[in-house]
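Chemist: Pasting a structure here, questions to come.
The values are calculated or read from the model by the stated rules, or taken from the named source; none is laboratory data. It should be emphasised that the depicted structure is a prediction, and the values quoted were computed from it without experimental measurement. Here the Cβ is made from the backbone with ideal geometry for all residues, glycine too, and neighbour counts use every protein chain on show.
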Amino acid sequence: MWKIMKQQKEQPRKNVSVRLEAIGGQGANSAGKILAEAAVLGLGYSGNHFSSFGSEKKGTPVKSFVRFSTEGKQIRTASYIKNPDVLIVFHESLLETHPDCLEGITAHTDLLINSTKKPSEIRFPEGFKVRKFATIDATDLALKYQCGLNSIMLGAATRFCPEIDAEILLKSFLKFFSHLEPQLKKRNIEGFESGRKQTKDFIFDESQANIQPHEKILPSMGWENAPLGGVILNPGNTVLKDNSASRKGLLPRFIAEICYNCGFCDMVCPDFCFVWKVDPQNKTAPALMGIDYQYCKGCQKCVLACPVQALVTVPESEFLESEKQHHLFPQTEIQKLKR
Amino acid sequence: MESKETKADQIGQFLTGNEMAAEAAKAIDFHFMGYYPITPSTEIAEIIDRMKVKGEVSTVLLPADGEHGAAGACFGASTGGARVMNATSSNGFLYSLEQLPVQSGSRLPMVLNLVTRSVSGPLDIRCDHSDLMYALQTGWVILLASNPQAVYDMNIIAVKLGEHPEVRLPVMVVSDGFFTSHQRQSTKIFKDAKVVQEFLGQRQDSFTTLDPRNPITVGPYMNDPDLINNKFQLHQAHESALKVYGEIVKEYEMLSGRSYPAIEDYEMDSAESALFILNSAAETAKDAIDLAKSEGKKVGLLRPNLLRPFPVDQLKKASANLASLLVGERSDTPGSEGGPLTHEVRSIVLGSENKKIKVLSRIYGLGGKDFRETDASHFIAEALQVVEAPESVANFGFLGTEPGQKKKLPPQVLQPFSRAEMSQGLTKIEVVASVGKSSPLRVQVADPSLLVARPKRIAPGHGACPGCGIFSGLDQFFKGIEGDVVVLYHTGCAMVVTTDYPFSAHRVSYLHNLFQNGAPTLSGLVEVFYEKKRRGEIAASEDVTFVMITGDGGMDIGMGPTIGTALRNHKMIVLEYDNQGYMNTGGQLSYSTPLGRETVTSHVGAKNFGKGFHHKDTVSIMAATGIPYVFTAIESCGIDLVAKAAKAQWYAKNQGLVFGKILVTCPLNWASDEKYGQEILQKAVDCCFFPLIEIENGLTNLSYNPEQEGNKIAARDWLQMMGKSKHLLRAEYSENLANFQGEIDRRWERLKARAMHPLL
């Protein structure tokens, strides 16, 4: 089904729409702005850019939209981009946690995903087709170059938008980062360059016929079944969420042999990740079983709070499945649902 | 809409609606801007503040204590003959609503940028026109800016129109939240601000409150028979505004090459059906009109640039040959079979010579729901169909509602807590004989190793930023609370990240109200709890602790109502998490932000050093209400925080209102390392910026004295840990740093004096 191709010179498109899918804090809005400025101010195309935010947080989904026309067609539409020509997903976990990030994909879409996996290893919904597809391990590169994830993704994006000259994009990138300290600027440029070079093999889909776009995922709650007044009758159902995309590649590791169950970590954790075995009769003291990484955002406060170094910072890539603990909430189906 | 010949040089830009509003403000160089941050209009003040720091604009910026205060400040400034602006959205706009007829009734020009957003509740930060529809009755002129370029142009036109001697009215410039305010498009601005200054001329006033040689009275007490005459003058002003608008936009077109007819008619020449749509959605619909025309359909589009005064004759003329008109609205008037504008449009066209026209009303895009070209095509199809088969098309309807999918509802995941589960005796209070100033309460707090057994009242999976100090702080507080609780959260970070519909992180009953009004809201619930117990409608054995959670922002805009609630001394706890800014809206200064802190509304640069006034002493303000218990705490002194929570619970059950303030980190907006949360807070305490204290029935005690412990440090040691403060350590800011240190020392010495005094 997938066919690996050597990258080849492509015919530039006339009207291009780009959608960037990310979590707040990953810099998708800035990346979209840089891309659009390169197209409009750098190349004189007509174009627009905007993003759809939640509140001003890290960790909430962000969609950023860029439209440009190389033939100068006036762009008036203010709506979101439903069927993108280029779709850039800033973290593979979004495929799980926010499946609507793939909404509106067609056989004309070029897809780039930040992932540790090769393109052929990623599982998609049935009937999934795109024109061109590649992955890049941007999280690892961002750690390596100590730069923003968006620098890597923008570098990689140059290979998906041949209409935008990479040198002009770099200029737009430098303008945006002009206020940064020289060291930080240098690291981001290096990240940009590495993103440009290290995108894994491009894959083209062989079949392009009779493909329906991936349709919008309908909300489960609507006017027929939503409780009146917007009331939520499901206390604590955020446990169904997965916050792991908020991490930047680092995790606290729990070393049980050293731990003496002092509870200091539990006092400082903003995300309630520590899993305790509590005796309902209070005959034995609570014992720390481990960390629920579904919720850990990687802030490392616990590592500093631990008096005996039973918690240490480790790259996420080194983690084993066996190290992952889960909260055992009473009466829930959650394990079946998410794990 | 652009002609080639223009009089003035312009430069190409790629800017958003909010940026264009700020660019216009820069060219106009308003005397004064009063504002209060609210998404999505906040950026306008932020950008002007940044311009000001660079010396590009000299406008006085007043960060008010709420939108009501901002509107008052603008009113006051405008009585002095100043050029004045404001920017707001949604409930902020509604909070200032009461002031708007004061402005228009007093016939004082100013410019308000209304960046539209859905009105709460439930709270939605995205675009619709439900806020705008409340503006229709205010007596203001309303200009509609459908794209970023129009935002710029309309702001300039607004000043000239409002100040025109035949008009003399305040003017609103309305653009769509996010779709326009945050959308970057190719735009043009005048190369030289002088062009704008000359276009506007000097403000001509017949009176001012700032001329002692010509004293005047603004805002008299006026009953019948006079008021109706004042309102007739207002009506006449709107009649004049229609004519003057036409003259001004013509003059502006000569200058800019861009035209803004009162109603833009797009492809209307041979149209038999048309859409009537406001703002950004109308721009999107133009592509659908093009498509329909190419298919031979006779359709066009009407988009008003002017909403008040309503261009009645222009609408009659534009609709004279139409067989159908579909009014698409981003707001409903529930129970009236049509959106609010439909009723105006319908009454105008049905009162025209065109007796055959059918008017349809459609509600779309509420709460920011996207309006796509395909949606516009759907409207076009309905407008055409009603001509062919009138019976087959409903007069009124919603576009884009979803019934939901019962099978895909998130399952009920967690069981409610049992009372026993929440009452493990991890904290215990004993009433003891007080000696001198010692506390009448003895607290026992279990060791942290045992406190982990307290089930979390907030579930994991909430969406706060990594390293957010709110949730570790709140969790420590709730570790100290035994038994059942009901919580109220003010609007703010903790509210937004825990209740993202259809999810809720709260495992106990929770309610939200807007942050002007949380304390009165909870006080109502508290009183009903005790009244229902008295009536036997709630079992006498039920025992609930009521806790209100607010940010420091809620203690600015909600200060008055919280003081009122404290003076009534209801049995409840008000807990403030102070992260020193309006972080939920992107990190604007609050009154609790320390001097010199850099925020998006107090930039650091050539003309400014960060926030210009000292942090608010909320603790003293609340203590002055005479409530039984006031405390401060931080998570770095966790056992102290847990113990104070336990005492707070006792006071709230036995004596009355408790106010507690915890300082919490915001790594995102302090530009600090997430992992150093504990250390930063400890330093804030050790430098005596945030002393740990208790005030029990008026008697002040220090919980921790860094001097006695030999831990006292200078403020600079704390400030250097945060990217948004460390500039104060540079030599050029030494005076500001000394000023800040001086204020800390002054408050610390006064606090120690109170702690030593037997009566204070």
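Chemist: Taking the range B:624-649 as the region of interest, how many residues are surrounded by fewer than 23 Cβ atoms within 10 Å (Cβ to Cβ), among the hydrophobic types (A, V, I, L, M, F, W, C) and over 20 Å from B:Val664 (Cα atoms)?
Modeler: Number of matching residues: 1.
Chemist: Still on this structure, please answer the following. Taking A:Lys241 and the conditions (1) buried (at least 17 other Cβ atoms within 10 Å of the Cβ); (2) under 30 Å from B:Ser120 (Cβ atoms); (3) out of contact with any Phe, Trp or Tyr (no Cβ under 7 Å at 6 or more places or on another chain); (4) at the interface with chain B (Cβ under 10 Å from one of its Cβ atoms), which numbered condition does it fall short on, given that it satisfies the others?
Modeler: If we test A:Lys241 against (1) buried (at least 17 other Cβ atoms within 10 Å of the Cβ); (2) under 30 Å from B:Ser120 (Cβ atoms); (3) out of contact with any Phe, Trp or Tyr (no Cβ under 7 Å at 6 or more places or on another chain); (4) at the interface with chain B (Cβ under 10 Å from one of its Cβ atoms), just (3) comes out false.
Chemist: State all residues of the range A:276-299 that are of a type in the set (Lys, Arg) and within 20 Å of the chain's Cα centre (by Cα); if no residue qualifies, say none. Spell out how you get there, then give the answer.
Modeler: Our first condition is that a residue be of a type in the set (Lys, Arg); within the range A:276-299, this holds for A:277, A:283, A:297.
Residue satisfying the conditions is A:Lys297 alone.
Chemist: Considering the range A:149-159 alone, what residues qualify as being crowded, with 24+ Cβ neighbours inside 10 Å and of a type outside the set (Val, Ile, Thr)?
Modeler: A:Leu149, A:Asn150, A:Ser151, A:Met153, A:Leu154, A:Gly155, A:Ala156, A:Ala157
Chemist: Can you name every residue in the range A:37-54 that is surrounded by fewer than 23 Cβ atoms within 10 Å (Cβ to Cβ), modelled with pLDDT of 90 or more and more than 7 Å from chain B (Cβ to nearest Cβ)?
Modeler: Correct list: A:Gly42, A:Leu43, A:Gly44.
Chemist: Oh, and also: Check B:Phe659, B:Phe613 and return the single one that is within 23 Å of B:Val685 (Cα to Cα) and surrounded by fewer than 19 Cβ atoms within 10 Å (Cβ to Cβ).
Modeler: Only one candidate qualifies: B:Phe613.
Chemist: Right, another one. Restricting to the range B:599-655, name every residue that is over 29 Å from the mean Cα position of the chain (by Cα), assigned to a loop (DSSP other than H, G, I, E, B) and among the β-branched types (Val, Ile, Thr).
Modeler: The answer is B:Ile627, and nothing else.
Chemist: Quick one: in the range B:179-213, of everything that is surrounded by 13 or more Cβ atoms within 10 Å (Cβ to Cβ) and of a type in the set (Lys, Arg), which residue is nearest to the other protein chains (Cβ to nearest Cβ)?
Modeler: Once the filter is applied, the top-ranked residue is B:Arg184.
Chemist: Quick check on the range A:110-132. Is at least one of its residues under 17 Å from A:Phe65 (Cα atoms), in contact (Cβ under 8 Å) with a residue 60 or more places away in the chain and either in the same structural domain as A:Leu170 (by TED's automatic domain parsing) or out of contact with any Pro (no Cβ under 8 Å at 6 or more places or on another chain) (or both)? First the steps, then the outcome.
Modeler: Start the filter on the range A:110-132 by keeping residues that are under 17 Å from A:Phe65 (Cα atoms), which leaves A:110-113.
From the residues that got through so far, the ones that are in contact (Cβ under 8 Å) with a residue 60 or more places away in the chain too are A:112.
Of the ones still in play, those that are also either in the same structural domain as A:Leu170 (by TED's automatic domain parsing) or out of contact with any Pro (no Cβ under 8 Å at 6 or more places or on another chain) (or both) are A:112.
The answer is yes; a qualifying residue exists.
Chemist: Look through B:Phe30, B:Phe75, B:Phe14 and report the one residue that is more than 30 Å from B:Asp265 (Cβ to Cβ) and surrounded by fewer than 24 Cβ atoms within 10 Å (Cβ to Cβ). Working first, answer last.
Modeler: Numbers: B:Phe30 fails: surrounded by fewer than 24 Cβ atoms within 10 Å (Cβ to Cβ); B:Phe14 fails: more than 30 Å from B:Asp265 (Cβ to Cβ).
Going through B:Phe30, B:Phe75, B:Phe14 in turn, just one is more than 30 Å from B:Asp265 (Cβ to Cβ) and surrounded by fewer than 24 Cβ atoms within 10 Å (Cβ to Cβ): B:Phe75.
Chemist: If the requirement is being closer than 30 Å to B:Val658 by Cα, out of contact with any helix residue (DSSP H, G or I) (no Cβ under 8 Å at 6 or more places or on another chain) and not in a helix (DSSP H, G or I), which of these qualifies: B:Leu751, B:Leu759? Talk me through it step by step, then tell me what you get.
Modeler: Details: B:Leu751 fails: not in a helix (DSSP H, G or I).
Checking each option against the conditions leaves just B:Leu759.
Chemist: I'm checking my understanding of the structure. Among residues of the range B:364-401 that are exposed (fewer than 15 other Cβ atoms within 10 Å of the Cβ) and within 12 Å of another protein chain (Cβ to nearest Cβ), which one is farthest from B:Leu325 (Cα to Cα)?
Modeler: B:Thr401
Chemist: How many residues does the range A:10-28 hold that are assigned to a strand (DSSP E or B) and surrounded by fewer than 20 Cβ atoms within 10 Å (Cβ to Cβ)?
Modeler: Narrowing the range A:10-28 to residues assigned to a strand (DSSP E or B): A:15-23.
Those still in the list that are surrounded by fewer than 20 Cβ atoms within 10 Å (Cβ to Cβ) too: A:15.
Residues flagged as assigned to a strand (DSSP E or B) and surrounded by fewer than 20 Cβ atoms within 10 Å (Cβ to Cβ) within the range A:10-28 amount to 1.
Chemist: How many residues, within the range B:500-534, are at pLDDT below 95 and either closer than 22 Å to B:Lys644 by Cα or touching a Phe, Trp or Tyr at 6+ places or on another chain (Cβ under 8 Å) (or both)?
Modeler: 1
Chemist: Quick one: is B:Gly404 crowded, with 17+ Cβ neighbours inside 10 Å, more than 28 Å from A:Arg76 (Cβ to Cβ), of a type outside the set (S, T, N, Q) and within 10 Å of another protein chain (Cβ to nearest Cβ)? Please lay out each step first, then the result.
Modeler: Details: crowded, with 17+ Cβ neighbours inside 10 Å: yes; more than 28 Å from A:Arg76 (Cβ to Cβ): yes; of a type outside the set (S, T, N, Q): yes; within 10 Å of another protein chain (Cβ to nearest Cβ): yes.
Against the criterion (crowded, with 17+ Cβ neighbours inside 10 Å, more than 28 Å from A:Arg76 (Cβ to Cβ), of a type outside the set (S, T, N, Q) and within 10 Å of another protein chain (Cβ to nearest Cβ)), B:Gly404 qualifies.
Chemist: Mind telling me which of the residues B:Leu567, B:Leu575 ends up being more than 14 Å from chain A (Cβ to nearest Cβ), of a type in the set (A, V, I, L, M, F, W, C) and buried (at least 21 other Cβ atoms within 10 Å of the Cβ)?
Modeler: Numbers: B:Leu567 fails: buried (at least 21 other Cβ atoms within 10 Å of the Cβ).
On inspection, the qualifying residue turns out to be B:Leu575.
Chemist: Check the range A:319-326 and report whether any residue there is surrounded by 12 or more Cβ atoms within 10 Å (Cβ to Cβ) and either at pLDDT 95 or above or basic (Lys, Arg) (or both).
Modeler: Initially, the range A:319-326 is screened for residues surrounded by 12 or more Cβ atoms within 10 Å (Cβ to Cβ), giving A:319, A:323-326.
After this cut, where a residue has to be either at pLDDT 95 or above or basic (Lys, Arg) (or both) as well, the list is A:324.
The answer is yes; a qualifying residue exists.
Chemist: Among B:Thr618, B:Thr599, which is touching a residue at least 60 places away in the same chain (Cβ under 8 Å), under 15 Å from B:Arg747 (Cβ atoms) and of a type outside the set (Gly, Ala, Ser)? Walk me through it before giving the result.
Modeler: Working: B:Thr599 fails: under 15 Å from B:Arg747 (Cβ atoms).
Answer to the selection: B:Thr618.
Chemist: Can you list the helices (runs of 4 or more DSSP H) found entirely within the range B:407-520 that contain at least 1 residues being more than 7 Å from chain A (Cβ to nearest Cβ) and crowded, with 23+ Cβ neighbours inside 10 Å?
Modeler: Values: elements: B:419-422, B:448-451, B:469-479, B:493-498.
Answer list for the range B:407-520: B:469-479, B:493-498.
This table checks each residue for (1) farther than 15 Å from B:Val345 by Cβ; (2) out of contact with any Leu (no Cβ under 6 Å at 6 or more places or on another chain); (3) away from chain A (no Cβ under 14 Å).
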{"residue": "B:Ser270", "(1), (2), (3)": "yes, yes, yes"}
{"residue": "B:Ser273", "(1), (2), (3)": "no, no, yes"}
{"residue": "B:Phe276", "(1), (2), (3)": "no, no, yes"}
{"residue": "B:Thr284", "(1), (2), (3)": "yes, yes, no"}
{"residue": "B:Asp287", "(1), (2), (3)": "yes, yes, no"}
{"residue": "B:Ala292", "(1), (2), (3)": "yes, yes, yes"}
{"residue": "B:Arg308", "(1), (2), (3)": "no, yes, yes"}
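Chemist: Which of the residues that make up the range B:105-139 are part of a loop (DSSP other than H, G, I, E, B), buried (at least 24 other Cβ atoms within 10 Å of the Cβ) and not acidic (Asp, Glu)?
Modeler: B:Leu108, B:Pro109, B:Met110, B:Arg117, B:Ser118, B:Cys127, B:His129
Chemist: Going through the range A:219-238 one residue at a time, which ones are part of a helix (DSSP H, G or I) and either more than 7 Å from every other protein chain (Cβ to nearest Cβ) or surrounded by fewer than 19 Cβ atoms within 10 Å (Cβ to Cβ) (or both)?
Modeler: A:Leu228, A:Gly229, A:Gly230, listed by residue number.
Chemist: For a quick check of your reading of the model, give me the residue pairs whose first member lies in the range A:246-273 and is part of a loop (DSSP other than H, G, I, E, B), whose second is of a type in the set (Phe, Trp, Tyr), with beta-carbon atoms closer than 6 Å and at least 6 apart or on different chains.
Modeler: Cβ pairs passing all conditions: A:Pro270/B:Phe471; A:Asp271/A:Tyr295; A:Cys273/A:Tyr295.
Chemist: Do we have any residue at all in the range A:55-64 that's within 10 Å of chain B (Cβ to nearest Cβ), in a strand (DSSP E or B) and more than 24 Å from B:Ala376 (Cβ to Cβ)?
Modeler: Yes.
Chemist: Determine which single condition B:Ala8 fails, assuming it passes every other condition in (1) buried (at least 21 other Cβ atoms within 10 Å of the Cβ); (2) outside the structural domain of B:Arg107 (by TED's automatic domain parsing); (3) not charged (D, E, K, R).
Modeler: (1)
Chemist: Could you say whether any residue in the range A:300-308 is assigned to a loop (DSSP other than H, G, I, E, B) and either under 26 Å from the mean Cα position of the chain (by Cα) or modelled with pLDDT under 95 (or both)? Full working, then the answer.
Modeler: Residues of the range A:300-308 assigned to a loop (DSSP other than H, G, I, E, B): A:300, A:306-308.
Now drop any that are not either under 26 Å from the mean Cα position of the chain (by Cα) or modelled with pLDDT under 95 (or both), which leaves A:300.
Scanning the range A:300-308 turns up at least one residue that is assigned to a loop (DSSP other than H, G, I, E, B) and either under 26 Å from the mean Cα position of the chain (by Cα) or modelled with pLDDT under 95 (or both).
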